[in-house]
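Presented below is the structure to which this report refers.
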Amino acid sequence: MTVTKILTLAANPSDTTRLRLPEEVREIQEGLALSEGREKFELISQWAVRPDDLRRALLKYDPEIVHFSGHGANQQGLLFENEMGQATLVHGATLAKLFELCTNVTCVLLSACYSEVQAEAIAQHVDYVIGMNQAIGDRAAIKFAVGFYDALGYGRPIEEAFQFGLLAIDLENIPEADTPVLYIQKDRDSKPGVAYPNQLAANRPAPTQTAPVNTLFEPPPAETSPTRDMAFAEVHTAALGSNLSPNRTETAAAPTPVKTAKPKVEWEEPQGLVPLYSPFYIERSPIESDCYETSLRRGSLIRIKAPRQMGKTSLLVRVLDHAKQQGFKTVQLNLQTADATALNDLNEFLQWFCCIITEELDLPDKLAEYWQGSRGTVRRCQRYFERYLLTEINKPILLGLDEVDQVFEHPEIATDFFGMLRVWHEEGKSDPKWANLHLVIVHSKEVYVPLSINRSPFNVGLPVDLRELNYEEVLEMVNRHQLDLSDDSLMQLTQLVGGHPYLLRVALTQLLRGRETLSNLLTNAPTEGGLYNDHLRRHLLNLEADPALVKAFQAVIETNSPVQIGSTEAFKLSSMGLVKYQGNSVVPLCELYRQYFRTRL
């Protein structure tokens, strides 16, 4: 059976607008996996692609289909990443020369704004090339890609798959189905021509054509999601070529959303984990993309820290899912499930740890075979992983450890356990077997267990401190609940709960269900009879258990200005999610906490 290789290349430089590239690749993969021809396709993904990565990937994988997701720069070319993660330009002529050498490539899809010029150049050497004749929004780009690859998965030829991609955009009422264009080059000695325009749009007015030069900084067409073009500040213009207009150095104007008919949204109970495919999960750019990229690096370690109900576990499951889609074996272990007996004895704890992971990897328990001899308990655990689990699986494993705060309460096991994780991470830098173990550690509290700087996993790897939602992300959450809040109403709500994702979802869900008016919600929220009574009471009980914290928090809420308190109290209150830092001072995380605790403390 012939297997078609699809190479996806994603580039979202740090100095460009954040795009939903992981979602695009994930949906392509899911669509192919559900299709009748799933065994006939192999999807290979490359992230944060640099020019050298592009060349090497084409040589290494020799794909038949190449899919680029990222930013286009009109006639200038496509934007890849440099060594610093910032944008670097690859010209269309250079791309054409590269694909001239890759004779096995039969189709190229450029999912980037204003990429028609590059598509036409590449089509001199590739049979089928798809580009975009103007700016395209994230939603439209994702829908087109999913429709296109779904059709390929069911055996449709590329010309028909192109039409299915256009139809997928139209079915979502997204007014961008005229943007993708297909170039066909059957005879490579003839000039490529555009084929199969959107037949469904025959009765619609022709789209406005993009000006041929100097349109990089023009405001993109109105749409509902970020576009895949790029506007640079003046400092970047030299890298993009001298033919740019010298006066176009400002950032492009924000697009105006288009009102489209939407199906009625179904509400979800806003408690605990946000389901994997929930429409109410809001990405906090660039956190998700950084985690997705880092999780795939050999021997990687990610540390996710945030107070309760800020979305740590929801992020963890998405990182695990992303790795699983890339062929990893994944294990999610919540350390709150360890019983008291295990947490009070290192030997019991590490045996429990190994047994749970063995079960999750669907392997037989061989603990008795390896838990023998005079070697120490930590060494037995390491031997079990090294000689059994990592050898038996023989592919990357992403181990997600949730609620590791549970171990902080037991210093008799914490020092050795966390020291062991640090050793495993260091081993991965030189030992290929340990490089296959990737770690994600999730916790709420500050790490107060005394750990040597060389034995702590909390000072290495990628640190992720989950922040509140910013204004744009709050607005996106409101839009996903299909609520029409005035600027005044939105301001009042955000003044009350800030960008706290859980508190926002609770309020928006009640408004969506018609169970509360905004006026009543704002009035009752800081009381025992309001929406947040359980949440606030939990915080109150935790505070009252520590008189020093009560005194420190009273000082914070009694004034409307930032306050300096003891560093220990500030760390603890921040870990609880009650305050946030402003320089060396702190303020309440949101007005809800100030109002409630002023009456209760």
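Could you order peptides 159-171, 339-351 by the average number of other Cβ atoms within 10 Å of their residues, highest first? Present the calculation step by step, with values, prior to reporting the outcome.
Details: 159-171: 20.2, 339-351: 16.4.
In decreasing order of mean packing, 159-171, 339-351 become 159-171, 339-351.
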Legend entry - C-alpha center-to-center spacing [the stretch 267-311, the stretch 1-80] in angstrom: 22 Å
Legend entry - Additional length obtainable on full extension of the chain from Leu171 to Glu558, 0.36 nm per residue less Cα span: 133.9 nm
Inset, instruction - Could you tell me the distance between the Cα centroids of the stretch 113-152 and the stretch 372-436, to the nearest Å? - result: 45 Å
Legend entry - Accessible-area value, Cys355, 1.4 Å probe, nucleic acids and ligands omitted, Å²: 40 Å²
Legend entry - Among Leu573, Val407, Gln29 the positive-end extreme of the charge dipole of the chain (Cβ point charges): Val407
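Give the value in nm², to one decimal: projected area of the alpha carbon convex hull of the stretch 55-135, averaged over all directions.
4.8 nm²
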Legend entry - Given charges at Cβ of Lys, Arg, Asp, Glu: the chain dipole, positive-most of Pro270, His71, Thr559: Thr559
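Just add up the charged neighbours of Phe164: K/R +1, D/E -1, any other residue whose Cβ is under 12 Å from the Cβ of Phe164.
Overall, the nearby charge balance is -2.
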Inset, instruction - Take every Cα-Cα distance within the chain, group them into 10 Å bins from 0 onward, and report for each bin the whole-number percent of pairs it holds. - result: 3, 15, 23, 23, 20, 12, 4, 0, 0
Legend entry - Reach of Lys40 by Cα under 17 Å, taken over aspartates and glutamates that are not fewer than 8 positions away in the same chain: Glu30, Asp62, Glu64, Asp150
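Relative contact order for the chain: what is it in percent, counting Cα pairs under 8 Å that are at least 6 residues apart? Spell out each step's value before the answer.
Working: 1050 pairs, mean separation 61.7, N = 601.
In percent, rounded to a whole number, it is 10.
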Inset, instruction - Just grab the label-to-label distance for Leu601 and Asp62, each label 7 Å out from Cα along the Cβ direction, in nm (one decimal). - result: 6.8 nm
Legend entry - Among Tyr183, Leu439, Leu9 - extreme Cα towards positive end, dipole of the chain, charges at beta-carbon: Leu439
Legend entry - Amide hydrogen neighbours beyond the local backbone of Gly400, cut-off 5 Å, H modeled: Val331, Gln332, Leu333, Val440
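DSSP H helices in the chain with Cα extent of 27 Å or more along the helix axis and mean Kyte-Doolittle hydropathy at least -0.5? Kindly include the intermediate steps, with their values, before the conclusion.
On the way: long enough: none.
Counting only whole DSSP H runs, no helix qualifies.
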Legend entry - Simple Cβ-charge dipole of the stretch 362-495, Lys/Arg +1 and Asp/Glu -1, about Cα centre, in debye nearest 20: 1140 debye
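If you roll a 1.4 angstrom probe over the protein chains with everything in place, what fraction of the accessible area of the chain belongs to carbon and sulfur, to the nearest %? Each step should come with its number before you reach the end.
Values: 13170 of 26970 Å².
C and S atoms contribute 49 percent here.
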Legend entry - Rough spin-label spacing in nm, given labels placed 7 Å along Cα→Cβ, for Leu541 and Asp487: 4.4 nm
Legend entry - Counted charge near Val556, where neighbours are those whose Cβ lies closer than 11 Å (Asp, Glu -1; Lys, Arg +1): +2
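Report the FRET efficiency, 1/(1 + (r/R0)^6), for Glu359 and Glu100, where r is their Cβ-Cβ distance and R0 is 51 Å, rounded to 0.05. Mind dumping the intermediate values first?
Details: r = 52 Å, r/R0 = 1.02.
Calculated transfer efficiency: 0.45.
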Inset, instruction - Between Glu39 and Val423, take the C-beta separation as r, use R0 = 35 Å, and let me know the FRET efficiency to the nearest 0.05. - result: 0.30
Inset, instruction - For the chain, give the magnitude of the charge dipole about the Cα centre (Cβ charges: +1 Lys/Arg, -1 Asp/Glu; no others), in debye to the nearest 20. - result: 720 debye
Inset, instruction - Report the dimensions of the stretch 311-395 along its three principal axes from the alpha-carbon atoms, largest first, rounded to Å. - result: 40, 31, 18
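Under the rule of -39500 (n - 2.57) per DSSP H run of 4 or more residues, summed and divided by the residues of the chain, what mean residue ellipticity at 222 nm is obtained, to the nearest 500 deg cm²/dmol?
Numbers: 24 runs with 239 residues, N = 601.
For the chain, the value works out to -11500 deg cm²/dmol.
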Inset, instruction - Would you kindly find the accessible area of Ser430, with a 1.4 Å probe and non-protein molecules such as ligands, DNA and RNA excluded, rounding to the nearest 10 Å²? - result: 100 Å²
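The values are calculated or read from the model by the stated rules, or taken from the named source; none is laboratory data. All of these numbers come straight from a predicted model, not from anything done at the bench. Quick reminder, even Gly has a Cβ in these numbers, built from the backbone with ideal geometry, and neighbours come from all protein chains shown. Quick note on the areas: whole protein, heavy atoms, side chains included, nothing else; ligands and nucleic acids left out. Shrake-Rupley method; radii C 1.70, N 1.55, O 1.52, S 1.80 Å.
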